[in-house]
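The values are calculated or read from the model by the stated rules, or taken from the named source; none is laboratory data. Model, not experiment: these values are computed from the prediction. Here the Cβ is made from the backbone with ideal geometry for all residues, glycine too, and neighbour counts use every protein chain on show. Only protein heavy atoms, including side chains, enter the accessible area calculation; ligands, DNA and RNA are left aside. Shrake-Rupley method; radii C 1.70, N 1.55, O 1.52, S 1.80 Å.
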Amino acid sequence: MNILKSRLLIKNDVMRYKGRTLSIIIIFISIMILGIVPKALYSGIENYYVNGVKALGTNAMIIYTGNTPNFLDINQIYGISFSDISHIDKNITGIKYLTPFIQFASYIPSNNLDVVTLGVNSSYGNIINTGLLNGSYWSSNYNYSVNGTLTKIGSNLNTTFGKNETVYETGIIPCIIGYGIYKDMNASVGQIIYSFSFAPPSIGGIMEVRLKVAGIQQYRNIPPIISSFGFDINSMITIPLLSTVTMFNTDYHVYGIIASSSNFQNSTAIGNSIVSILTKSHPDITYTIMTQEGVINTIDNEVNASVAFNLILNALSFFIAALIIFVLTIIAVKERMKEIGILKATGATKYDILMIFLSEQMLITVAGIVIGTLSGFLLLHVISTSSSIYPVPYYPTFSLSYFRYTDIASLVPFTIYYGVTLFIISLISAFYPSYKASCQEVVDSLHSD
Amino acid sequence: MLIPHTFRKGIVYKIDKIRVILWEDIGQVCSMNGYVNTVNKSHKMLKLVNVSKVYTIGKDVIHALENINVDIDHGEFISVVGPSGSGKSTLLHIIGLIDIPTEGKYSINEREVSTFADRDKANLRSELFGFVFQDFYLFPRLTAIENVLVPTIFSRKNAILNNSTNVMKMAKIDNRIDHKPSELSGGEKQRVAIARALINDPGVIIADEPTGNLDSKTAEDIMKIFKYLNQKKKKTIIIATHNELVSSYADRIIKLKDGKIVEDSKMVNNT
Ligand SMILES: Nc1ncnc2c1ncn2[C@@H]1O[C@H](COP(=O)(O)OP(=O)(O)O)[C@@H](O)[C@H]1O
Ligand SMILES: [Mg+2]
């Protein structure tokens, strides 16, 4: 009998009131998407910035020179990664790695910066991807050579930078390459690798850097793409601090350093010891230390603010949905008053009538929520797939690319909770008009029109 | 077999009072016609005592019914006649439990209706009464047979009685099973409505001007069906009409005027 009942219901009611059914389903779809997609964005941001940093298990810090910039404005910060690693540079102990930034803005006060970039793999969407920086786009397929021959690089230079570029070389510097680069290049310990960048403007031309692979390092606990401060650590090349200074101390200022201590306790001490080293060569510069905790807090705050905003958005859309369903149910019930009368005259109880409306509402609601959930996740899939063409920004601005870092599994409980809430709200808002209708005296329902 | 045992028990438990009526008295009368004689006939099936219905619209007070006293027995064929506005519909609605009197007592098998809960009344509407309206009141989207089946949705005894082809045969509409109301003539629509009224095998059929929208030839066909139901199926029939021809089929005529009974042929015969 239930089959007949649902057939009659669907045929007579749901189908007949297609407009209502459709608009409610569309509302549910939009609300589900409005819930799932922003949530996924926050999850992506959180994962990218906060969890990635936390995954390091270290307390990294940035040491800034001069006025403290907005650390997120990394457009003006370009990096060379180098390693303390104590057998290479004995000056600092207890440090896992160091990443000094070089500030070139003093030479070309625009965004078209000449840059020496080592250790950032552009294919992961890191800083190298912008503007003139393409000139040092070394880590793609052909800009480095494992065997030390320059021929291919030279021809590439001709096409990329023009014919009369002068190539400078820096001499062989020991380096430790990240596991990502190791895999890209298939470079083993002892091999020489090359990298090119613009030379300092005072020299002009192209600078060749020859690096000898002294070791390969892998940060195991880091998800492959997650990085610290926008860097993919596993794709960095690390060179000794002293070599860095030798290379750049004529024209370039060390703008900042990323350091990472192996534990939280000694981070202050390490920060101070780095500052004291830097002070020796750059005595007139003031330094500011920002720890990773600070970074996490900043981004946590940003995400929390967004989540709070999103909660308001959710509540608002729930409220609007409730209102629309309420009104649509009043209209539907009014239109079907006579049918209610017929049904009651043929034996339907108040409860039966109530159940007819509520089960119909339930049907539409479940359909809407299921379709909405599917479209939400489909949309997410599309965004996160297509977002791989966008680089990850270095500061928390809107970017589709964060969707790549969304933890889909973490969305499931949210979606259930969200869908169930919507379901309950939908039934509650349909309840009152349906209940009122079910309470009418049969003859009054029959005679309404 | 009819209804899962626990479910049935649940119903019995919940609406004790009514279940007693349905399964012990009316249940037998209306669902198994062969057992009519087993029913205790010492009391009247339907009894209205001083029933009034008053509508108050602003300052106007309309007495739709005034002090109505009627007894209705099993197997009667009653025609309620009177001019338009005399209260025929109101009376039928009250008898059929789709309206409530403002005053007076209405009892079914000596149990007073005002004490019934909504579910009890719904059960009686489902199983004791079958309604036929002047305007048919069919669901436009449903086919004839689906319309006929609508009351079974709410019936607790449909498992045995769910014989839609049978009732459609009785109403002589079994040749239009899959037609929608819009594809049927007025007479055919009314036959569907009659079949629908019969689907739960009610003891009492209440028809409010069932031929009001039909031509006289069709009206006669419809009345023959009612006659057949009364004589062969032992249904109690109550028809409101202002058509002489229609009332001629009845065994008893109750005449209303301005909400009062001005003539009851049964009373006349008895006195
Ligand atoms: N819902 C109502 N509100 C006010 N007056 C009503 C209502 N229903 C019926 N009436 C009045 O009650 C009287 C009896 O109506 P009714 O029973 O429909 O008469 P009949 O069926 O004999 O034409 C009429 O005067 C009618 O106007
Ligand atoms: Mg009438």
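Could you bin all the Cα-Cα distances of region A:284-380 into 5 Å bins starting at 0 and give me the percent of pairs in each, rounded to whole numbers? Values per bin, smallest distances first: 3, 9, 10, 13, 12, 10, 8, 7, 6, 5, 4, 3, 3, 2, 1, 1, 1, 0, 0, 0.
For the residue pairs B:Lys189/B:Lys255; A:Lys350/B:Lys217; A:Lys39/A:Lys350; A:Lys338/B:Lys255; B:Lys59/B:Lys266, the C-alpha atoms sit more than 32 angstrom apart in A:Lys350/B:Lys217; A:Lys39/A:Lys350; B:Lys59/B:Lys266. For region B:51-169, a simple Cβ point-charge model (Lys and Arg +1, Asp and Glu -1, everything else neutral) yields a dipole of about 400 debye relative to the Cα centre. Between B:Pro202, B:Ser185, B:Thr218, the Cα set farthest toward the positive side of the dipole of region B:146-271 (charges on each charged residue's Cβ, about the Cα centre) is that of B:Pro202. A cut-off of 5 Å between modelled amide H atoms, ignoring neighbours fewer than 5 places along the same chain, links B:Ile253 with B:Ser79, B:Ser265, B:Lys266. Our summary gives region A:328-439 a relative contact order of 46 percent, counting only alpha carbon pairs under 8 angstrom and 6 or more residues apart.
One quarter of the convex hull surface built on the alpha carbon atoms of region B:114-156 amounts to 3.9 nm², the projected area averaged over directions.
Each principal axis of the Cα cloud of region B:222-271 was taken in turn, and the coordinate range along them, longest first, works out to 31, 24, 15 Å. Think of each Lys and Arg Cβ as +1 and each Asp and Glu Cβ as -1; about the Cα centre, that makes the dipole of region A:311-449 roughly 160 debye. Take the accessible area of chain B alone and of chain A alone, subtract that of the pair, and you get about 2700 Å² summed over both chains, using a 1.4 Å probe.
Note on region B:72-149: the alpha carbon radius of gyration divided by the globular reference 2.2 N^0.38 Å gives 1.27.
Working from Cα pairs under 8 Å separated by at least six residues, relative contact order for region B:82-205 is 31 percent. Treating each Cα of region B:86-130 as an identical point scatterer and summing with the Debye formula, the log10 of I(q)/I(0) at q = 0.17, 0.29, 0.32, 0.33 Å⁻¹ comes to -0.45, -1.23, -1.37, -1.40. Over region B:204-271, with every protein chain in place, what whole percent of the accessible area is carbon and sulfur at 1.4 Å, could you tell me? Using a 1.4 Å probe with all protein chains present, region B:204-271 comes out at 48 percent carbon and sulfur. Ligands, DNA and RNA excluded, the heavy atoms of A:Thr385 present near 80 Å² of accessible surface to a 1.4 Å solvent probe. Note on region B:119-224: Cα-only Rg and Dmax are 12.9, 40 Å.
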